[in-house]
Amino acid sequence: MIPAKRRIYSFIVAALLIQITVLAVSSQDSGASDQAEKPAYLITSGNVVAPEKMPAYLEASAPLFKAAGSEEIAFGKLSDNNIHLLEGEWPYKGLVMIIKFPSMDALLKFWNSPEYQKAMKLRDGVVEPNFTIAIEKSR
């Protein structure tokens, strides 16, 4: 009977050690993630007024977005019923996009690059911008 109790105690001690190790590793990981760059999000709204001219902008900008490591998170329009205004007023026409970047630095580097600034000129007269903001993940 004593050997069985020892095995149970050994199992309990081993389980506790594993749990302590997992907690220690996860707290080290969370410390590392605090130091890692936080993702940033480009949130933009605009009204496409010349859809037939949009492909030129998309052709020029798509490779730049990809090279910057961006990822489309959401795209929608109130008129398509995939955006729901839950509070307040929404005076804007058109679409809303949310695009994730690896970091605020990556987002700003992309936005301010000569290549993207050149591509943006292809939107002139095609899209009436409502707003564009950049926000960094808080935690």
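Key figures for this structure:
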item: Condition broken by Phe131, with the remaining ones in (1) touching a residue at least 60 places away in the same chain (Cβ under 8 Å); (2) among the aromatic types (Phe, Trp, Tyr); (3) surrounded by 13 or more Cβ atoms within 10 Å (Cβ to Cβ) satisfied; result: (3)
item: Subset tally (residues that are surrounded by fewer than 16 Cβ atoms within 10 Å (Cβ to Cβ) and among the small types (Gly, Ala, Ser)) for the range 53-102; result: 8
item: Hey, Thr44 assigned to a strand (DSSP E or B), surrounded by fewer than 13 Cβ atoms within 10 Å (Cβ to Cβ) and of a type in the set (Val, Ile, Thr) or not; result: no
item: Members of the range 123-139 found to be under 12 Å from the mean Cα position of the chain (by Cα), modelled with pLDDT of 95 or more and not hydrophobic (A, V, I, L, M, F, W, C), listed by number; result: Glu136
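The values are calculated or read from the model by the stated rules, or taken from the named source; none is laboratory data. Predicted model, so just to flag it, every value in this text is computed and none were measured. Counting neighbours? That spans all protein chains shown, and the Cβs are built from the backbone with ideal geometry, glycine included.
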